[in-house]
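Worksheet for the structure shown next.
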């Protein structure tokens with residue numbers, strides 16, 4: 001029995017250290033707002049599609065997979081990152097009670113994707129950088145850069161794509177929380193000014 005334990009424990013440690021061996025990750029971009037749903041407040045917002053200006057756009061990868069010793073593959077680049085980020089903000093605005101469309105409105109929100117990256121190692125890491133602009137009648141109400149990093153230990157997670165997908169969603173939820181915290185007071189201030197929005 002002791003001999004078996006001596007054999008099994010090192011084997012388990014070896015498997016964990018080699019996780020990701022000869023594998024790549026292809027994340028599925030998903031997003032679900034965690035905000036409490038509010039009643040519609042009658043305020044219409046024009047949400048423009050986020051521009052994708054990442055330096056690694058079109059490279060085929062947004063990160064790498066590694067085991068305890070060396071790189072084993074790439075985190076494949078999804079082809080719908082712009083739609084993913086735009087839809088995330090749309091979900092958050094809808095949850096806060098705003099009506100969203102892509103037709104002209106007095107309040108316009110737009111943004112640029114600067115970085116989306118993810119690496120799968122003994123811990124999964126993600127970095128997202130966005131710029132967001134809020135305008136009303138061609139006047140800039142907010143122009144801010146948002147940077148969020150997220151990491152989780154996922155020892156024994158052999159579904160690499162799932163692990164990367166989860167960390168990307170969690171990171172985008174974090175950054176959207178920051179965006180909404182800044183946007184809502186601005187919209188409420190405009191609403192309180194008596195201007196028709």
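Values for this structure:
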{"read-out": "Cβ-based exposure ranking for 50, 153, 120, in which fewest neighbours within 10 Å come first", "value": "153, 50, 120"}
{"read-out": "Distance histogram in 5 Å bins (all Cα pairs of region 72-135, percent per bin)", "value": "4, 12, 21, 21, 15, 11, 7, 5, 2, 1"}
{"read-out": "Residue 38-residue 115 pseudo-label distance in nm [points 7 Å out on the Cα-to-Cβ vector]", "value": "3.1 nm"}
{"read-out": "Potential extension, residue 153-residue 138 segment - 0.36 nm per residue separation minus Cα distance", "value": "0.9 nm"}
{"read-out": "Global form of region 74-197, assessed from the alpha-carbon gyration tensor, a/c cut-off 1.5", "value": "prolate"}
{"read-out": "Residues residue 186 and residue 123, FRET efficiency given R0 of 25 Å [Cβ-Cβ distance, rounded to 0.05]", "value": "0.10"}
{"read-out": "Residue-span extension gain [residue 80 to residue 49] - 0.36 nm each, minus C-alpha spacing", "value": "10.0 nm"}
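Coordinate-derived values only; no laboratory data. Everything quoted here is computed from the prediction, not taken from an experiment. All Cβ positions, even for glycine, are placed from backbone atoms using ideal geometry, and neighbour counts span all protein chains on display.
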